[in-house]
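A.B. asks: Provided herewith is a single structure, encoded as structure tokens, for subsequent inquiry.
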Amino acid sequence: MTDRRRFLQLGLAGTAALATGCAATTLEDRNGTAPARPGAPRGPVFLSTWDHGLEAARKGWNVLQAKGTVLDAVEQGVMLIESDLGSRSVGLGGLPDRDGRTTLDACIQTHEGLAGAVACLEDIEHPISVARAVMERTPHVMLVGEGAKQWALDNGFPEKKVDLPEVRQAWQEWLAKSAYKPVVNIENHDTIGLLGVDGTGRLAGSCTTSGLAFKIHGRVGDSPIIGGGLFVDGDVGAACATGLGELVIRIAGSHTVVELMRQGMEPGAACKEAVQRILRKNPGLTEQQVGFLALRKDGAYGAHAIYSGFNFAVRTAEDDRLLESPYERKWG
Ligand code: SD4
């Protein structure tokens, strides 16, 4: 797993300056938004959560360069991370629930608003591809649990059983105390969300995770919920979330961010308002992280988190790096 602490601080005249082509503009001083470059030709933009977002965003970029669609790009970008058995928060290497079972949540959405999702899926390497297949091959949006697995097997997705000693050990250590308190900090929240816009303004988004470690079996977070962990509206833009899913679901987080952009808010300001709404509704909240990413269809993008430490990757024609999200509270 990559080390999230190696993220690059977004300094003055940092990435947003590159994104805007003018000096001394940052996500911070633009209220968390890197605007599209006025008058510049629109190029593709990919945004993705956390360190592993770098690899995912690059892959998305490369898929697009190879003439794939933006939907292919957001699917294949996160597939890379799903296949990484070193990831303890995405894919089959993810930490298990309290019963020792690793259960996966994922969703995908198109420019047109079509959507597919799976939740509580076990023993399948690529939940994001099952989500896409649900969207493309069924009249439904979401399949869950045993039904999702059976459908995946029936539709050509192979079963893959993974038993990693490190994961078993982590579970055993957790069992010793069996403390059921979601501890959400900057080190254990690694859902991957990937948002993309191609050079013509077409959007797509994906989100995939093993969810909260040691959750109650059957618990589903925000990540496979359209409007929660991900929302795409081709008229406006896209958003995704990471962090404690319950907090995100309760405000329909990603949908909220997109709707705020529809009303004219800049992407970073929309993310900030969603974060502040969570804080207003949860006045006692402490040590629980949520971060949002937003991408407008013109390529402007932004981010905001409750706590410091949420970073994300951006891949554009000029840029390929990790940025630190603006936040409400300093961690630690
Ligand atoms: C969830 N949003 O299941 C996810 C958690 C997360 O890495 O971000 N995990 O609530």
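A.B. asks: Just to confirm the number: angle between the C-alpha axis of helix 70-82 and the first principal axis of the chain, 0 to 90 degrees, nearest 10?
C.D. replies: Helix 70-82 sits at roughly 50 degrees to that axis.
A.B. asks: With a point put 7 Å past each Cα toward its Cβ, work out how far Q169 is from H217 in nm, to one decimal.
C.D. replies: 2.5 nm
A.B. asks: Here's another thing I want to ask about it. Compute the distance from the alpha-carbon center of the stretch 242-312 to that of the stretch 86-160, in whole Å.
C.D. replies: 24 Å
A.B. asks: A further question on this structure: From largest accessible area down, sort I225, I192; use a 1.4 Å probe on the protein chains. Could the numbers behind the result be given before it?
C.D. replies: Working: I225 55, I192 0 Å².
Solvent-accessible surface, decreasing: I225, I192.
A.B. asks: Here's another thing I want to ask about it. Taking every eigenvalue of the Cα gyration tensor of the stretch 75-190, multiplying by 5 and rooting it, what semi-axes result, largest first, whole Å?
C.D. replies: In descending order the semi-axes read 27, 15, 13 Å.
A.B. asks: On a full-extension model of 0.36 nm per residue, what is the gain between N62 and W331, subtracting their alpha-carbon distance, rounded to one decimal in nm?
C.D. replies: Result: 93.4 nm gained on full extension.
A.B. asks: Under 28 Å Cα to Cα from K67, which lysines show up? Leave out anything in the same chain fewer than 8 places away.
C.D. replies: K59, K297
A.B. asks: Take every Cα pair under 8 Å in the chain that's 6+ residues apart, average their separations, divide by the length, and report that relative contact order as a whole percent.
C.D. replies: 23 percent
A.B. asks: Springs between alpha-carbon pairs under 10 angstrom, Gaussian network model over the chain: which of T49, T138, T69 fluctuates most?
C.D. replies: T138
A.B. asks: Separate question: List the residues, sorted by chain then number, that are 5 or more residues from V90 or on another chain and whose placed amide H is less than 5 Å from its amide H.
C.D. replies: Under 5 Å from the amide H of V90 lie the amide H atoms of S210, each far enough along the sequence or on another chain.
A.B. asks: Using a Gaussian network model on the chain with a 10 Å cutoff between Cα atoms, which of R132, R168, R321 fluctuates the most?
C.D. replies: Maximum fluctuation in the GNM of the chain, among the listed residues, is at R168.
A.B. asks: Leaving ligands, DNA and RNA out of it, rank M261, M142, M79 by accessible area with a 1.4 Å probe, largest first. Don't skip to the answer; put the middle values down first.
C.D. replies: Numbers: M261 10, M142 75, M79 45 Å².
From most exposed to least exposed: M142, M79, M261.
A.B. asks: If the elastic network links every pair of Cα atoms under 10 Å, which of L175, L121, L95 fluctuates the most in the Gaussian network model of the chain?
C.D. replies: Among L175, L121, L95, the largest GNM mean-square fluctuation belongs to L175.
A.B. asks: Let me ask something additional. Helix-only mean residue ellipticity at 222 nm, the chain, DSSP H runs n ≥ 4 weighted -39,500 (n - 2.57), per residue, nearest 500. What is it?
C.D. replies: Result for the chain, helices only: -9000 deg cm²/dmol.
A.B. asks: Next question, about the same structure. List, in order, the whole-Hz ³J(HN,Hα) value for each residue of the stretch 230-245 obtained from phi through the Karplus relation with A = 6.51, B = -1.76, C = 1.60 and θ = phi - 60°; use x for Gly and Pro.
C.D. replies: 7, 8, 10, 10, x, 7, 10, x, 9, 8, 9, 9, 9, x, 6, x
A.B. asks: Across every pair of different alpha-carbon atoms, what Kirkwood hydrodynamic radius in Å does the chain reach? It would help to have the intermediate numbers written out before the result.
C.D. replies: On the way: mean 1/r = 0.0522 Å⁻¹.
This gives a value of 19.2 Å.
A.B. asks: Sticking with this structure for a sec: Enumerate the lysines that K215 could reach by cross-link, defined here as Cα to Cα under 29 Å, with residues fewer than 8 away along the same chain left out.
C.D. replies: Straight-distance partners of K215: K149, K160, K161, K177, K181, K272, K281, K330.
A.B. asks: Accessible area of the chain with a 1.4 Å probe: how many percent of it is carbon plus sulfur? Before the final figure, lay out each step's value.
C.D. replies: Numbers: 6660 of 12970 Å².
On the chain, the fraction of accessible area on carbon and sulfur atoms equals 51 percent.
A.B. asks: Which shape class applies to the stretch 250-313: rounded if a/c is under 1.5, otherwise prolate when a/b exceeds b/c and oblate if not, where a ≥ b ≥ c are the square roots of the Cα gyration tensor eigenvalues?
C.D. replies: Verdict is oblate for the stretch 250-313.
A.B. asks: Once both labels are modelled 7 Å past Cα along the beta-carbon direction, what's the Q263-R250 spacing in nm?
C.D. replies: Result: 2.0 nm between the two label points.
The values are calculated or read from the model by the stated rules, or taken from the named source; none is laboratory data. Being a predicted model, the structure only gives us computed values, none of them experimental. For neighbour counting, all protein chains shown are included, and Cβ atoms are generated from backbone atoms with ideal geometry for every residue, glycine included. Side chains included, ligands, DNA and RNA excluded: accessible areas come from the protein's heavy atoms. Shrake-Rupley method; radii C 1.70, N 1.55, O 1.52, S 1.80 Å.
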